[in-house]
1. Could you tell me how many cubic angstrom of Cα convex hull volume the chain has per residue?
2. Give me the angle, in degrees from 0 to 90, between the Cα long axis of helix 289-303 and the longest principal axis of the Cα atoms of the chain, rounded to the nearest 10.
3. List 406, 156 from most exposed to least, where exposure is judged by having the fewest other Cβ atoms within 10 Å.
4. Where a ≥ b ≥ c are the square roots of the eigenvalues of the C-alpha gyration tensor, would you call the range 138-274 rounded, which needs a/c under 1.5, or, failing that, prolate if a/b is larger than b/c, or oblate?
5. Report the label-to-label distance for residue 98 and residue 352 in nanometres (one decimal), using points 7 Å from each Cα along the Cα→Cβ vector.
6. For the chain, what does -39500 (n - 2.57) per DSSP helix run (n ≥ 4), summed and divided by total residues, give at 222 nm, in deg cm²/dmol to the nearest 500?
7. Please arrange 221, 40, 90 by how many other C-beta atoms lie within 10 Å of their C-beta, fewest to most.
8. How would you rank 377, 169, 203, 240, going from fewest to most other Cβ atoms within 10 Å of each one's own Cβ?
């Protein structure tokens with residue numbers, strides 16, 4: 001039986017590899033919500049097609065199960081089971097064992113019991129009717145105007161990992177609680193900001209804006225933070241394989257060979273981020289990321305609990321902090337990169353550096369840790385722009401990513 005019809009009184013046997021089931025449950029629990037008034041949303045659905053699903057109504061995640069011999073699980077009878085109960089039932093079992101599922105009819109329980117056997121331990125778990133599980137949300141319907149992109153999983157992990165730290169957590173400005181996917185210069189680009197720092201990273205995937213295909217195609221779509229973090233966690237630090245990214249009028253979907261996540265968009269207007277991208281300032285410098293992070297860590301200790309700004313002085317090759325009226329400076333070598341800029345005769349001649357929040361500065365530096373060296377430009381009173389070192393200052397291409405950080409009075 002592969003449809004989601006009510007359970008009959010017969011037994012059904014299903015076998016799944018323990019390691020795969022454990023990973024799948026952990027993945028789905030990032031989506032689940034514990035609703036006291038909507039118990040079905042705490043359940044995992046086994047729809048009968050060899051997958052598991054979970055939803056919080058705004059986001060739906062799917063995991064493809066691995067069965068006997070490493071093959072995909074065959075069709076079976078649909079059922080639901082509480083995620084917490086299933087996790088407890090398989091916890092501690094041998095990672096190489098097979099976990100079996102069976103449906104047992106029970107009087108006064110319309111959905112019966114799910115019998116889970118794992119490495120000698122048998123658990124009879126309560127189930128809810130399959131028909132109660134929400135599977136027909138509007139954002140899950142395909143769209144003829146959707147745009148599809150293909151990229152390596154490693155590329156997506158790096159792309160989202162660069163942008164995600166800039167997502168706002170402030171609920172009042174809900175439209176900042178996600179990643180803005182948009183077409184910039186004809187390519188797919190991602191932007192996020194919390195009002196203090198901003199991250200931009202382009203891809204090399206063409207997304208030409210076609211007139212008449214809907215305002216979402218020209219203005220972009222806001223991808224919720226929860227879905228972004230779910231995808232980042234699923235990709236992991238050593239992402240392998242390929243992913244498909246589908247962007248529709250009201251949804252964003254990421255599909256991997258093992259899992260997929262589809263989520264409703266944030267219905268709001270993302271601010272015009274191009275207005276806060278600073279033009280090239282009069283100050284240009286480069287610094288070793290590791291050396292700068294170590295220096296900032298030491299100065300944070302000087303600032304103490306009251307906090308404050310760190311002062312960056314590229315002419316004196318120092319960074320400093322104040323605790324009350326007690327200033328502290330620390331030597332840090334900055335490289336002069338003004339020669340890379342056209343018409344830069346007056347660069348680094350009139351600026352006394354800038355003040356910046358140490359947490360935002362460390363975050364910006366960490367985003368470029370793989371580069372070894374990060375370049376930055378600033379002007380008096382303007383945001384500081386950090387970028388990679390492989391392309392010129394005058395290029396309007398953010399394939400390596402750009403971080404914008406607001407200055408702070410020192």
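Values in this text are rule-based calculations from the coordinates and carry no lab data. Note that the coordinates shown come from a computational prediction; the quantities given were computed from them, not determined experimentally. Don't worry about glycine lacking a Cβ; one is built from the backbone with ideal geometry, like all the others, and counts go over all protein chains shown.
1. That works out to 170 Å³ per residue.
2. Once rounded, one gets 80 degrees.
3. Least crowded to most crowded, the residues run 406, 156.
4. Working: a/c = 1.34, a/b = 1.06, b/c = 1.26.
Rounded, because the longest to shortest axis ratio a/c is under 1.5.
5. My value for the distance between the label points is 7.6 nm.
6. Only helices count here, giving -5000 deg cm²/dmol.
7. 40, 90, 221
8. 169, 240, 203, 377
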